[in-house]
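What follows is a short report on a single structure.
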Amino acid sequence: MKKMIPLLLAAMLVACGKSEPTATVPTSKPTDTVESLAANPGRLKELRQQCKTDRATLGDELCNRAAEATNRRFMGDDKTPYTPPKEQPKF
């Protein structure tokens, strides 16, 4: 019993030690910005499909950029002011 306690203590200290940094595999090109994705609908469509099927591999950052680019393509760039029609609509 007396020999078991130091052994368990040593095992716990080894398990709680610093882990070695793992090499991350870059999954996206550095040119995949929100603006470039909004300008390239083919790449945007490809990324959105990959994010739907395998978000864990691509990563949240790239999928969030693809979502923001989709929003910008749909909503516009918020620089066009609203201009109401000159004539009132007839209901």
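Values computed for the structure shown
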| item | result |
| --- | --- |
| Test: residue in region 16-31 that is open to solvent by 100 Å² or more (accessible area, probe 1.4 Å) and modelled with pLDDT of 80 or more | no |
| Filter result for ASP78 (modelled with pLDDT under 85 and open to solvent by 80 Å² or more (accessible area, probe 1.4 Å)) | yes |
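The values are calculated or read from the model by the stated rules, or taken from the named source; none is laboratory data. Here the structure is a predicted model, which is why all the values come from computation and not from measurement. What goes into the accessible areas is simple: the full protein's heavy atoms, side chains included, and nothing from ligands, DNA or RNA. Shrake-Rupley method; radii C 1.70, N 1.55, O 1.52, S 1.80 Å.
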